[in-house]
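Scroll down for the structure; my scribbles are underneath it.
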Amino acid sequence: MRKLNYLVILFLCGSLISCATLGIDLNTPQKKYLAARVEFNDMMEQYIKVAATIPMEKRVNIRTALKATDTALDTWEKHVMDKNYDFTKDRQVWLDCKNLLLEVLK
């Protein structure tokens with residue numbers, strides 16, 4: 001029985017190692033987009049919880065950044081399968097908005 005347990009563990013370890021070395025690309029444009037969109041949505045939820053406590057001047061700037069980021073992410077999503085599409089501008093809009101939100105959420 002003990003040998004069977006060792007064989008199962010050995011088989012599972014071998015399977016994991018072989019899967020990790022098959023050349024599966026985990027850093028794809030689709031996954032970069034999804035990570036940005038998920039993080040944007042999470043930060044939106046955090047912002048909504050504290051929006052009432054933020055001065056109106058900052059809220060106006062944040063709303064503008066949020067709209068620009070949503071548009072940039074929508075554009076990125078439309079072109080995510082296009083290998084010739086340069087998503088760096090869209091990602092930069094998101095990063096600028098993220099920095100603004102992090103500053104406010106501190």
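The values are calculated or read from the model by the stated rules, or taken from the named source; none is laboratory data. All values derive from a computational prediction rather than experimental measurement. Positions of Cβ are backbone-derived with ideal geometry, glycine not excepted, and every protein chain shown enters the neighbour counts.
Would you call T64 at pLDDT 90 or above and hydroxyl-bearing (S, T, Y)?
Numbers: at pLDDT 90 or above: no; hydroxyl-bearing (S, T, Y): yes.
In short, no.
If I filter the range 40-54 down to residues being exposed (fewer than 10 other Cβ atoms within 10 Å of the Cβ) and aliphatic (A, V, I, L, M), which single residue comes out as nearest to the chain's Cα centre (by Cα)?
Result: I48.
Is it true that some residue in the range 87-98 is aliphatic (A, V, I, L, M) and surrounded by 16 or more Cβ atoms within 10 Å (Cβ to Cβ)? Quick ask: steps written out before the conclusion?
First, the residues of the range 87-98 that are aliphatic (A, V, I, L, M): 93, 95.
Then keep just the ones that are surrounded by 16 or more Cβ atoms within 10 Å (Cβ to Cβ); that gives 93.
There is at least one residue in the range 87-98 that is aliphatic (A, V, I, L, M) and surrounded by 16 or more Cβ atoms within 10 Å (Cβ to Cβ).
Search the range 69-82 for residues that are more than 13 Å from A36 (Cβ to Cβ) and pair each with any residue that is of a type in the set (V, I, T) and buried (at least 16 other Cβ atoms within 10 Å of the Cβ) when their beta-carbon atoms are under 7 Å apart and the residues are at least 6 apart or on different chains.
Taking only residues 6 or more apart or on different chains, not a single pair turns up.
Among the listed residues V50, V104, V93, V38, which satisfies the condition of being of a type in the set (V, I, T) and touching a Ser or Thr at 6+ places or on another chain (Cβ under 9 Å)? Spell out the reasoning first.
Numbers: V50 fails: touching a Ser or Thr at 6+ places or on another chain (Cβ under 9 Å); V104 fails: touching a Ser or Thr at 6+ places or on another chain (Cβ under 9 Å); V38 fails: touching a Ser or Thr at 6+ places or on another chain (Cβ under 9 Å).
Exactly one of V50, V104, V93, V38 is of a type in the set (V, I, T) and touching a Ser or Thr at 6+ places or on another chain (Cβ under 9 Å), namely V93.
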